[in-house]
Each structure stands twice: as structure tokens, then as C-alpha cells.
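J.: Okay, here's the structure, questions in a sec.
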Amino acid sequence: MVSIDGVLLRASTPIPGASETLSLLQKQRIPFILLTNGGGKHEKERVSELGKRLDISLDPSIIVQSHTPFAGLVKEKNGQNALEHKCVMIVGGEGDKCRHVAEK
């Protein structure tokens, strides 16, 4: 596990060695995930921004944000508790950005 905030980036500035470390993990095929308590962005958007800052290619499947676990509640296996067609309240963020993330 690698925390993003304070480990890879300080604010939006890469911490020295962060890019090289992730590159080494990828080259050595050492599995890792990125964690952040941040939200308000879809996983694809978050890894795209992070990849640009660190000059590295990252896959959205390796990131867990504060809202990521809720994706599993949208379509549950038994369908009875799925949130896909239910009314839910989404709060936080600027404007309706969180709503757009939830819709994705």
C-alpha cells in the first residue's frame, strides 16, 4: 500500500524519489495499490493527474479513494440491496462534481 498524500505528493508537488519508486515497483512487477482519503474525482481522473505529476503511467484499478468501496454497493450479486436504481444522497465537493463521480 502506498498513501498518496504525504508519501508521493506534498500538496501537488511530487516528493523526491516517488516516481522512481513507483517505476521500480512496476518494472519488478511488485503489486501495489495507492490509497487516499481524498474523493471528488473519479479513479480514472485521479490516476491521470497523478501520472502526469509523477511522469508515470498508472492504471485506475490500483487506486482506492474514500468513495471507491461504495462502487461495490451499486450492483450487488443478489440484487436485493443494490443501490443502482435507488435514490441516494451525495454530498460534498464543489457544485455537482461529486454527483458526476457517483454517476460514473
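J.: Of the conditions (1) in contact (Cβ under 8 Å) with a residue 12 or more places away in the chain; (2) within 19 Å of Ile4 (Cβ to Cβ); (3) hydrophobic (A, V, I, L, M, F, W, C); (4) out of contact with any strand residue (DSSP E or B) (no Cβ under 6 Å at 6 or more places or on another chain), Ala71 satisfies every one except a single condition; which number is it?
T.: It fails just one condition, (1).
J.: Also, I was wondering about something else. Return the residues of segment 22-43 that are loosely packed, with under 13 Cβ neighbours inside 10 Å, under 10 Å from the mean Cα position of the chain (by Cα) and assigned to a helix (DSSP H, G or I); say none if nothing qualifies.
T.: None - no residue of segment 22-43 is loosely packed, with under 13 Cβ neighbours inside 10 Å, under 10 Å from the mean Cα position of the chain (by Cα) and assigned to a helix (DSSP H, G or I), so the list stays empty.
J.: Still on this structure: Quick check: is even one residue across segment 22-39 touching a strand residue (DSSP E or B) at 6+ places or on another chain (Cβ under 7 Å) and either free of Cβ contacts under 8 Å to residues at least 12 places away in the same chain or among the acidic types (Asp, Glu) (or both)?
T.: No, the conditions are met nowhere in segment 22-39.
J.: Select from segment 5-47 the residues that are charged (D, E, K, R) and touching a helix residue (DSSP H, G or I) at 6+ places or on another chain (Cβ under 7 Å) and list them in ascending order.
T.: Lys41, Glu43, Lys44
J.: Is it true that some residue in segment 53-60 is among the β-branched types (Val, Ile, Thr) and in contact with a strand residue (DSSP E or B) (Cβ under 8 Å, 6 or more places away or on another chain)?
T.: no
J.: Within segment 45-68, does at least one residue satisfy the condition of being at pLDDT below 90, within 23 Å of Cys98 (Cβ to Cβ) and outside any loop (DSSP other than H, G, I, E, B)?
T.: Checked against the condition, which is being at pLDDT below 90, within 23 Å of Cys98 (Cβ to Cβ) and outside any loop (DSSP other than H, G, I, E, B), segment 45-68 yields at least one hit.
J.: Scan segment 87-97 and give yes if some residue there is within 26 Å of Ala18 (Cα to Cα) and either surrounded by 14 or more Cβ atoms within 10 Å (Cβ to Cβ) or touching a strand residue (DSSP E or B) at 6+ places or on another chain (Cβ under 8 Å) (or both), otherwise no.
T.: no
J.: Scan segment 7-21 for residues that are loosely packed, with under 15 Cβ neighbours inside 10 Å and either farther than 20 Å from Pro60 by Cα or in contact with a strand residue (DSSP E or B) (Cβ under 9 Å, 6 or more places away or on another chain) (or both) and jot them down.
T.: Within segment 7-21, Arg10, Ala11, Thr13, Ile15, Pro16, Gly17 meet the criteria.
J.: The conditions are (1) loosely packed, with under 11 Cβ neighbours inside 10 Å; (2) touching a strand residue (DSSP E or B) at 6+ places or on another chain (Cβ under 9 Å); (3) not aromatic (Phe, Trp, Tyr), and Ile63 fails exactly one of them. Which is it?
T.: (1)
J.: With the requirement that a residue be buried (at least 19 other Cβ atoms within 10 Å of the Cβ) and under 23 Å from Val91 (Cα atoms), what does segment 44-60 give you?
T.: Those that are buried (at least 19 other Cβ atoms within 10 Å of the Cβ) and under 23 Å from Val91 (Cα atoms): Arg46, Val47.
The values are calculated or read from the model by the stated rules, or taken from the named source; none is laboratory data. The structure displayed is predicted, hence computed values, not measured ones. Neighbour counts run over all protein chains shown; Cβ positions are idealised from the backbone, glycine included.
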